[in-house]
Amino acid sequence: MKEYFKDKVVCVTGSSKGIGKATALLFGNYGAKVCINGRNIDSLEETFSELEKRNITCLKLPGDVSDSNRCRDMIDRIINEYGRLDVLVNNAGIASHGKFSELTIDAWDRVVRINLMGSVYMSKYALPHLVKSKGSIIFISTLAGKLGMPGHSTYSVSKMGLSALAEAMQVELKKTGLHTGIIYIGFTENEENKQILYPDGNYRKLPERNQKKARREDVAKEIARVVYKKKKSVTLSTVGKLQTFALRFFPFIIKIILRKANKDYDNMYYQ
């Protein structure tokens, strides 16, 4: 698999930290030319320096993916720099919470524009170049992309939208040779300063969760494997696989899980 990525041009959005950073590092260690993106200039610079120290060919792309013009400019810069694009990993996203009755319209707009429309913008502008290289577009989703989670409706809606987009593209673009894949990840390690968007539109530190968490580096390897094997859809973690099975064959179990999730949400944010 490592040889497959040598000299390929890979763009990972939201790659100044977290899963995106781990993925950029992995592709870079595999010999790819890596294009990293992030809104926080300081974090992006730190990641760029780390990649450079490892002798990884890298291009910085500062910007917010919720800005369609900025997405177009980032793709143009990649093509001007390297002349091609082989892989786009749509990883940029924000976590959010809030019950529907509490959420402001601004909060809805922010989450959907980053988590869903950011992937739409990047994929749209990258499409002709990826068709030319017969490359891959990867969407990073979560288990919330398979069912509406109480207290996280904005997040669930934005991630469910990625599922519809991936499925439609897989059919529409099959004859072009373009690979489109979506990955549903479970709970993953976060940085200590990881923030979440609150119902009032402000960002605050993400509360600590007791669930077992996957290593970011392991998730990055799964992302690379999906590209290499050109898989259409992959669900990570045992919990995720059980959830998918229950959704299909035992939907009543999912209703029980959602009721418990609603109680857990109340305990986390209202006590």
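The values are calculated or read from the model by the stated rules, or taken from the named source; none is laboratory data. Owing to the predicted nature of the structure, the values given are computational and were not obtained by experimental measurement. Glycine also receives a Cβ, built like all others from the backbone with ideal geometry; neighbour counts cover every protein chain displayed.
Can T235 be described as buried (at least 17 other Cβ atoms within 10 Å of the Cβ), in contact with a helix residue (DSSP H, G or I) (Cβ under 6 Å, 6 or more places away or on another chain), over 23 Å from G31 (Cα atoms) and at pLDDT 75 or above? Break it down into steps so the answer makes sense when it comes.
Numbers: buried (at least 17 other Cβ atoms within 10 Å of the Cβ): yes; in contact with a helix residue (DSSP H, G or I) (Cβ under 6 Å, 6 or more places away or on another chain): yes; over 23 Å from G31 (Cα atoms): yes; at pLDDT 75 or above: yes.
Yes: the conditions hold for T235.
Only residues that are closer than 12 Å to V87 by Cα and under 14 Å from the mean Cα position of the chain (by Cα): list them for the stretch 4-22, please.
C11, V12, T13
Which residues, counting only those in the stretch 145-161, are part of a helix (DSSP H, G or I), crowded, with 19+ Cβ neighbours inside 10 Å and either among the charged types (D, E, K, R) or in contact with a helix residue (DSSP H, G or I) (Cβ under 6 Å, 6 or more places away or on another chain) (or both)?
Passing the criteria: G145, T154, Y155, S156, S158, K159, G161.
So for the stretch 84-99 (the condition being under 27 Å from D200 (Cβ atoms), in contact with a Cys (Cβ under 6 Å, 6 or more places away or on another chain) and at pLDDT 95 or above), does at least one residue qualify?
Checked the stretch 84-99: no residue is under 27 Å from D200 (Cβ atoms), in contact with a Cys (Cβ under 6 Å, 6 or more places away or on another chain) and at pLDDT 95 or above.
If a residue must be among the β-branched types (V, I, T), out of contact with any strand residue (DSSP E or B) (no Cβ under 6 Å at 6 or more places or on another chain) and within 16 Å of I182 (Cβ to Cβ), how many such residues does the stretch 115-139 contain?
So the answer is 1.
What pairs come up if the first residue lies in the stretch 11-28 and is surrounded by fewer than 24 Cβ atoms within 10 Å (Cβ to Cβ), the second is part of a loop (DSSP other than H, G, I, E, B), and their beta carbons are under 7 Å apart, counting only those six or more places apart or on different chains?
Cβ pairs passing all conditions: K17/E191; G18/N190; G18/E191; G28/R54; G28/I56.
Consider the stretch 44-77. How many of its residues are within 14 Å of A24 (Cα to Cα) and among the hydrophobic types (A, V, I, L, M, F, W, C)?
The qualifying residues number 7.
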